[in-house]
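J.: First the structure, then my questions, so here it is.
The values are calculated or read from the model by the stated rules, or taken from the named source; none is laboratory data. Predicted, not measured: the structure shown is a model, and the values here were computed from it. Quick reminder, even Gly has a Cβ in these numbers, built from the backbone with ideal geometry, and neighbours come from all protein chains shown. These area figures cover heavy atoms from the full protein model, side chains too; ligands, DNA and RNA do not enter into them. Shrake-Rupley method; radii C 1.70, N 1.55, O 1.52, S 1.80 Å.
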Amino acid sequence: EAGVVQSPRYKIIEKKQPVAFWCNPISGHNTLYWYRQNLGQGPELLIRYENEEAVDDSQLPKDRFSAERLKGVDSTLKIQPAELGDSAVYLCASRSQGNSPLHFGNGTRLTVT
Amino acid sequence: GQQLNQSPQSMFIQEGEDVSMNCTSSSIFNTWLWYKQDPGEGPVLLIALYKAGELTSNGRLTAQFGITRKDSFLNISASIPSDVGIYFCAGSVYGQNFVFGPGTRLSVLP
């Protein structure tokens, strides 16, 4: 089966510019996560979706970050405006149901200059 | 919030040696996952554990779910150069949000 697909792989933008990341989860996976990974650290949760519903967005900086999963499949994560501290790898993960494990995409490496 | 600690933070070993690393939590989990991440790639699932005391193997890798449900262990036997990478543990309560540790960076010397 195809894995989690993310695009773009790399993005370089100037601060105050907007940026968007896209994720296509594994087919049939109802739960989708966005994580942020800073250099030398483990992934940190930003938002979790169950189908099209954001069931946990408590860690999402809502003043500048937004996410959507309109049809319960693909998802986009947006930052507007970007700040220098947003430079990180943004990882998308999905899982099927119950206690099944997470499967990650290869991430989008964002550099804000 | 929940936090995971991983030990050691980094390790350098000779090819052929066995490796042990662990992950501890201040909270009880009912799922433990172990991942390996190579540079520029996303974390790849190695082993999933669902029951206290469970011991599961995947080739040269063996992981255990601690009986206190607050820790987990990963062992790699007869290390090879491609074992180089960062190993992350992750814990969850009933498959909801997974909390990740800071990682153990493994280097294998030929």
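J.: How long is the gain from A:Ser96 to A:Asp74 if the chain were fully straight, where each residue apart is worth 0.36 nm and the alpha carbon distance is subtracted? Walk me through the numbers on the way to the answer.
T.: Values: separation 22, 0.36 × 22 = 7.92 nm, distance 1.44 nm.
So the extension gain works out to 6.5 nm.
J.: List the lysines whose alpha-carbon lies under 20 Å from that of A:Lys15, not counting same-chain residues fewer than 8 positions away?
T.: Answer for A:Lys15, where 20 Å is the Cα cut-off: A:Lys62, A:Lys78, listed by chain and number.
J.: Sticking with this one: How high is the relative contact order of chain A, in percent, counting Cα pairs under 8 Å that sit 6 or more residues apart?
T.: Working: 284 pairs, mean separation 42.1, N = 113.
The value is 37 percent.
J.: Hey, quick one: spin label on B:Leu109, modelled 7 Å out along Cα-Cβ, who in the range B:1-35 has an amide N within reach, i.e. under 17 Å?
T.: Only B:10-20 pass the distance filter.
J.: Moving to a separate point now. When only Cα pairs under 8 Å and 6 or more residues apart are kept, what is the percent relative contact order across chain B? If you can, show how the numbers build up before the last one.
T.: Numbers: 288 pairs, mean separation 40.3, N = 110.
Answer for chain B is 37 percent.
J.: For the range B:6-71 and the range A:50-106, what is the separation of their C-alpha centers, rounded to whole Å?
T.: 25
J.: Keeping all protein chains in position, work out how much accessible area B:Ile67 exposes to a 1.4 Å probe, and write it in Å² to the nearest 10.
T.: 140
J.: Here's something else I'd like to know. Cα to Cα, under 28 Å, and not fewer than 8 places away if on the same chain: which lysines meet these conditions relative to B:Lys51?
T.: B:Lys36, B:Lys70
J.: Same structure again: Could you order A:Thr76, A:Thr113 by accessible surface area, starting with the largest, using a probe radius of 1.4 Å?
T.: Numbers: A:Thr76 35, A:Thr113 85 Å².
Accessible-area ranking of A:Thr76, A:Thr113, largest first: A:Thr113, A:Thr76.
J.: Which of rounded, prolate, oblate describes the range B:38-110, given a ≥ b ≥ c as roots of the alpha-carbon gyration tensor eigenvalues and a/c under 1.5 marking rounded, otherwise prolate only if a/b is larger than b/c? Before the final figure, lay out the partial values.
T.: Working: a/c = 2.30, a/b = 1.45, b/c = 1.59.
Judged from the Cα gyration tensor, the range B:38-110 comes out oblate (a/c at least 1.5, b/c at or above a/b).
J.: Right, next: Rounded, prolate or oblate for the range A:47-113? Axes are the square roots of the Cα gyration tensor eigenvalues, ordered a ≥ b ≥ c, and the cut-off for rounded is a/c under 1.5. Write down the numbers at each step before the final one.
T.: Working: a/c = 2.25, a/b = 1.57, b/c = 1.43.
Because a/c hits 1.5 or more and a/b exceeds b/c, the range A:47-113 counts as prolate.
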